[in-house]
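Input: a single structure, listed below in structure tokens.
Here, each number is a calculation from the coordinates, and none is a lab measurement. It should be emphasised that the depicted structure is a prediction, and the values quoted were computed from it without experimental measurement. Reconstructed Cβ throughout: ideal geometry from the backbone, glycine too, with neighbour counts over all protein chains shown.
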Amino acid sequence: MQITTRDIPPRTVHTLEQAGVHPLLAQLFAARGVLGPHDLDDSLAKLLSPDTMLGIDAAAHTLATAIAHQQHICVVADYDCDGATACAVAIRGLRLLGATNAHYLVPDRITDGYGLTAGIARRVAQTGAGVLMTVDNGIASFEGVATARELGLTVIVTDHHLPALVNGDIQLPDAHAIANPNQPGCNFESKSIAGVGVMFYVLLKLRAVMREAGLFDASNQPKLDALLPLVALGTVADVVKLDANNRRLVAQGLKRIRAGHLPVGMQALFKVAGRHTDVATTFDFGFAVGPRLNAAGRLADMTLGIECLITDDAIQAEALAQTLDQINRDRKHIEGHMRDQALEMAETMIDDEAEAPPAIVLFDPDFHEGVVGIVASRIKDNMHRPTFVFAMSQSPGCEDELKGSGRSIPGFHLRDALDLVAKRHPGVLLRFGGHAMAAGCTIDADQLDVFEQALQTVAGEWLDAATLTRRLETDGPLDPKYRHPDVVDHLHQAVWGQGFAPPVFSELVDIVSQRLVGEKHLALKMLHQGQAVDGIWFGHTEPLPQRVKLAFRLDADAWQGQKRVRFLIEGAQL
């Protein structure tokens with residue numbers, strides 16, 4: 001591993017400090033591209049205007065008409081945390097705005113597959129709905145949209161994924177309205193907005209349309225800011241880039257959560273995760289609440305997660321949260337076994353990192369389809385290679401197919417790589433889609449070797465030795481005066497995430513002692529600039545040399561009634 005240090009523009013640091021920003025935060029923000037205090041203004045007034053999102057006006061007017069005529073509106077969700085929160089935002093928001101007949105349908109990962117399929121469209125029609133609206137999916141659902149329209153449904157697509165490429169050209173489904181900032185011609189600046197964010201913006205525009213129609217005014221209009229805790233959760237959990245607009249959405253959601261203004265289901269999920277809402281952080285979204293929702297979509301039915309988010313019954317919410325917590329425990333058990341097995345398989349492919357193939361493709365008949373994405377992420381982190389993990393499809397009639405989920409490294413656009421594989425080997429990919437860093441695909445079981453060779457060929461062409469070298473970008477040395485619990489609390493209150501990385505410091509330390517705890521974690525006592533400090537490296541068992549350059553995050557824990565700072569080790573340059 002190579003540990004590097006971000007550039008810190010001194011003039012920007014000075015500007016931020018003069019504006020009253022904490023000196024350490026000023027350094028961290030400047031290193032992440034913040035140019036001035038205006039970039040840190042997280043007020044609702046600074047949010048991008050809904051009017052710049054292509055298709056949002058048509059979507060809002062269609063929904064306004066449906067509400068006025070008391071039509072049934074069916075929301076077709078996705079089975080991950082972004083999809084679940086987007087669905088909850090849609091149902092709660094539509095009801096706030098007067099939709100008395102809003103309900104939802106969430107596909108099953110195994111039996112239905114991804115997105116708005118023809119079968120899902122037929123099931124929506126059977127509910128008596130007049131309007132079908134997708135959240136966090138639909139931009140590539142050509143057959144599903146066509147079937148829905150044939151059945152007389154009005155179709156609204158709200159999504160944030162990249163449109164499909166057909167013979168090299170972007171193609172959109174024939175929906176009545178499409179709100180997606182990544183469709184051609186859309187001027188909405190935040191291309192990284194999550195699906196839940198798109199749905200929130202549609203509701204903002206819908207409220208404006210209804211206000212213009214005289215249904216209410218600015219003084220008595222429904223307060224959609226109550227939905228921001230859900231928007232914040234889905235945004236962070238979907239690991240989208242936290243650009244300025246996304247940071248504002250997350251910051252506003254966190255403020256409400258910390259003040260105790262959040263759905264009872266979210267409150268219950270924090271409780272079962274052992275987290276406290278009054279000090280909620282983005283870390284809680286990504287590693288505590290989000291995984292418990294995602295587990296339902298992976299191993300059970302995301303209806304459980306959505307019901308937890310839309311209920312106002314605290315007793316029901318607590319019961320659902322307990323169920324989700326148990327499903328997540330089951331997910332961890334399955335994932336742990338698969339991860340260990342996959343790591344063994346990957347390690348047999350190489351003698352050392354220099355000889356590792358440029359991309360990793362793994363499959364075992366016993367792998368569980370619901371957790372291949374998580375396992376691919378773990379292998380990618382361990383091997384620093386684009387990784388696909390496949391499992392046998394459990395969908396009816398697809399027993400000879402493999403479903404794969406991939407995760408990538410910086411410099412390798414996974415969706416574009418799949419597109420090139422599809423062009424070079426027509427017919428190998430039955431279905432595919434995704435983003436730069438995460439993608440999925442379906443192949444025939446007998447095409448696995450062809451796919452593996454094709455992906456490795458593309459990776460060999462696109463990735464050089466520098467890209468394949470694991471790098472950890474850090475914020476450099478930590479001034480000892482900032483090694484204080486109050487500073488740690490201050491850091492935790494800020495919004496960190498994808499594209500706006502949480503603070504990681506790095507420097508040479510002297511190891512005083514080291515021991516294993518729980519058989520898989522390395523506990524350290526070290527000297528940091530001559531002062532004693534404790535540290536722990538989770539999931540690491542190899543001993544460190546007496547003097548070593550470490551990358552570490554700051555954490556505060558309680559010891560004998562006193563808060564103290566410890567280092568959470570992220571990596572070492574040996």
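Key figures
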read-out: Backbone N under 19 Å from the residue 568 label point (7 Å along Cα→Cβ), restricted to the stretch 455-475; value: 472-475
read-out: Net lengthening on full extension, residue 322/residue 191 (0.36 nm per residue, minus Cα-Cα); value: 43.6 nm
read-out: For residue 443, net neighbour charge (Lys/Arg +1, Asp/Glu -1) across residues whose Cβ lies under 13 Å away; value: -4
read-out: Cα-projected label distance for residue 534 with residue 556, points at 7 Å along beta-carbon direction, nm; value: 1.6
read-out: Where GluC sites (Glu not before Pro) in DSSP loops with at most 16 other Cβ within 10 Å are excluded, longest remaining stretch of the chain; value: 190-398
read-out: Subset of 205/241; 191/481; 481/563; 380/525 violating a 27 Å alpha-carbon distance limit; value: 191/481; 380/525
read-out: Stretch gain in nm, segment residue 43-residue 514, where the contour uses 0.36 nm per residue and the Cα spacing is subtracted; value: 165.0 nm
read-out: Cβ-Cβ FRET estimate between residue 479 and residue 283, R0 fixed at 35 Å, reported to 0.05; value: 0.90
read-out: Gained length - residue 457 relative to residue 276, 0.36 nm times residue gap less alpha-carbon distance; value: 60.4 nm
read-out: Debye intensity ratio in log₁₀ form over the Cα atoms of the stretch 44-242, taken at each q of 0.07, 0.09, 0.12, 0.13 Å⁻¹; value: -0.17, -0.29, -0.53, -0.62
read-out: Inter-probe distance in nm under a simple model that places probes 7 Å from Cα toward Cβ, at residue 347 and residue 211; value: 5.9
read-out: Cross-link reach list, lysines versus residue 520, counting only Cα pairs under 18 Å and skipping chain neighbours closer than eight places; value: 332
read-out: Two-site FRET efficiency, residue 493 against residue 167, from Cβ-Cβ distance with R₀ of 35 Å, rounded to 0.05; value: 0.10
read-out: Estimated distance in nm for a label pair at residue 546 and residue 527, the labels positioned 7 Å out from Cα along Cα-to-Cβ; value: 1.0
read-out: Cα-based equivalent ellipsoid of the chain: semi-axis lengths in Å, sorted from largest, via gyration tensor; value: 38, 31, 22
